[in-house]
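Working notes for the structure below.
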């Protein structure tokens, strides 16, 4: 049972399953941090397609809606963070700076091309994070 | 084999500062101005777009006014050195930030590297085959293109896709980015007007009071009111008509005019017209110019 758990999410089905497991692993009064990493090309397409800053934030928040609903349902206190940069290193940096008890993440996310080789983000995080990492299939 | 050197001479001397030696007449201005305007619009647009993207990537705010001012001053000074105008580029800036170039040093390094490339390594640069350059350009094109816009073309509204296709087609045909942007802007403006100029009219009969309520929904302005009077029925057997404007906004003269016209037509049938739910701005406008057309005997 963990006190402080990190879920890297990208709006994919895998991330949602990870969130379910994270909720199960949590102590009664524990908290969850949900992070969503925006990389350069995502920034570019979001700004080009949406333009408006508030709208972009809203749309990104919508991607995490199903996870937020799940956590609300189970009455777990959580925070959402938006990080900018390459997903792997950004998650590792955030995780190591904030002393989480555990990271729970999907084996792969939305990026199908990269995951054909391996779930590159989960691989990087598992290798470099200082805390236990649980990869949910 | 064609090389970069065949394209033209690479001047390896440093430019000197001087005011361009051109006749300062209206004719010169007439030649330069259209190009200057086109360059400014395109350059400013791309710079601002780049700034927004970099703001999002780094999660910081940039001062867009400062950005525009800087670009303007820099381009004027560059002209005095006989150089070309420039602006921020999305592709290069994204690569720059991704590679960790977050500060001012990174743009200085880019400039210095280019200078070294031309002044010290000019002899090597001219030997680069055109084929290699073409390959690089194709990769740049692939990297710059926003591929997801193609994937989403059937998802986004048809008008948006039309604007995109027309803009790209104009650029390809005329070889002029400014014309493409202009065509796109005009087309979006037209689409916007046609979208916003749909007024929804709902009618409801209140039998007890022999009154009919028309609820208007939308923006009332010159482009939208032309067939508004046709949406009312003037031969109803009622004593009073109420026009509910709580979901509408009056914007100009033509809107008031149209309402006056409708009021007139009803009054010819001895039907009294009242307005309800005007928002403050619309009310002010109606008070200011409403009834004028009626008084002048239309």
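Using the structure shown, decide if residue B:122 is surrounded by fewer than 13 Cβ atoms within 10 Å (Cβ to Cβ) and assigned by TED's automatic domain parsing to the domain that holds residue B:47.
Numbers: surrounded by fewer than 13 Cβ atoms within 10 Å (Cβ to Cβ): no; assigned by TED's automatic domain parsing to the domain that holds residue B:47: yes.
Spelling it out, it is not the case that residue B:122 is surrounded by fewer than 13 Cβ atoms within 10 Å (Cβ to Cβ) and assigned by TED's automatic domain parsing to the domain that holds residue B:47.
What is the one condition in (1) surrounded by 13 or more Cβ atoms within 10 Å (Cβ to Cβ); (2) free of Cβ contacts under 8 Å to residues at least 24 places away in the same chain that residue B:111 does not satisfy?
(1)
Among the residues of the stretch B:208-224, is there at least one that is free of Cβ contacts under 8 Å to residues at least 40 places away in the same chain, in contact with a helix residue (DSSP H, G or I) (Cβ under 6 Å, 6 or more places away or on another chain) and surrounded by fewer than 16 Cβ atoms within 10 Å (Cβ to Cβ)?
Yes: the stretch B:208-224 contains one or more residues that are free of Cβ contacts under 8 Å to residues at least 40 places away in the same chain, in contact with a helix residue (DSSP H, G or I) (Cβ under 6 Å, 6 or more places away or on another chain) and surrounded by fewer than 16 Cβ atoms within 10 Å (Cβ to Cβ).
State all residues of the stretch B:107-157 that are farther than 22 Å from residue A:41 by Cβ, in a loop (DSSP other than H, G, I, E, B) and under 34 Å from the mean Cα position of the chain (by Cα); if no residue qualifies, say none.
B:157
Free of Cβ contacts under 8 Å to residues at least 40 places away in the same chain, assigned to a loop (DSSP other than H, G, I, E, B), in contact with a helix residue (DSSP H, G or I) (Cβ under 9 Å, 6 or more places away or on another chain) and within 14 Å of chain A (Cβ to nearest Cβ) - does that describe any residue in the stretch B:79-87?
To start, the set of residues in the stretch B:79-87 that are free of Cβ contacts under 8 Å to residues at least 40 places away in the same chain comprises B:84.
Within this subset, residues satisfying the condition of being assigned to a loop (DSSP other than H, G, I, E, B) are B:84.
Filter again for in contact with a helix residue (DSSP H, G or I) (Cβ under 9 Å, 6 or more places away or on another chain), leaving B:84.
This time we only want the ones that are within 14 Å of chain A (Cβ to nearest Cβ), so: none.
No - not one qualifying residue is present in the stretch B:79-87.
With (1) surrounded by 11 or more Cβ atoms within 10 Å (Cβ to Cβ); (2) at pLDDT below 80 as the list, and residue B:3 as the residue in question, which single condition is left unmet?
If we test residue B:3 against (1) surrounded by 11 or more Cβ atoms within 10 Å (Cβ to Cβ); (2) at pLDDT below 80, just (2) comes out false.
Any idea which residue in the stretch B:50-63 is farthest from the other protein chains (Cβ to nearest Cβ), counting only those that are out of contact with any helix residue (DSSP H, G or I) (no Cβ under 6 Å at 6 or more places or on another chain) and part of a helix (DSSP H, G or I)?
Step by step, filter the stretch B:50-63, then rank; the result is B:55.
Taking the stretch B:88-106, which residues are outside any helix (DSSP H, G or I) and either more than 18 Å from residue B:44 (Cβ to Cβ) or touching a strand residue (DSSP E or B) at 6+ places or on another chain (Cβ under 7 Å) (or both)? Walk me through how you get there before you give the answer.
Quick first cut of the stretch B:88-106, residues outside any helix (DSSP H, G or I) only: B:88-89, B:99-103.
Those that are outside any helix (DSSP H, G or I) and either more than 18 Å from residue B:44 (Cβ to Cβ) or touching a strand residue (DSSP E or B) at 6+ places or on another chain (Cβ under 7 Å) (or both): B:99, B:100, B:101, B:102, B:103.
Look at residue B:105 and say whether it is at pLDDT 90 or above and loosely packed, with under 15 Cβ neighbours inside 10 Å.
Values: at pLDDT 90 or above: yes; loosely packed, with under 15 Cβ neighbours inside 10 Å: yes.
For residue B:105, the condition - at pLDDT 90 or above and loosely packed, with under 15 Cβ neighbours inside 10 Å - is met.
I need the strands (runs of 3 or more DSSP E) fully contained in the stretch A:11-115, keeping only those with at least 1 residues that are within 13 Å of chain B (Cβ to nearest Cβ) and within 28 Å of residue B:156 (Cβ to Cβ).
Details: elements: A:26-38, A:77-84, A:102-106.
By residue number, A:26-38, A:77-84.
The values are calculated or read from the model by the stated rules, or taken from the named source; none is laboratory data. Since the structure is predicted, the reported quantities are computational estimates derived from the model, not experimental observations. FYI the Cβ positions are ideal-geometry reconstructions off the backbone, even for glycines, and counts take in every protein chain you see.
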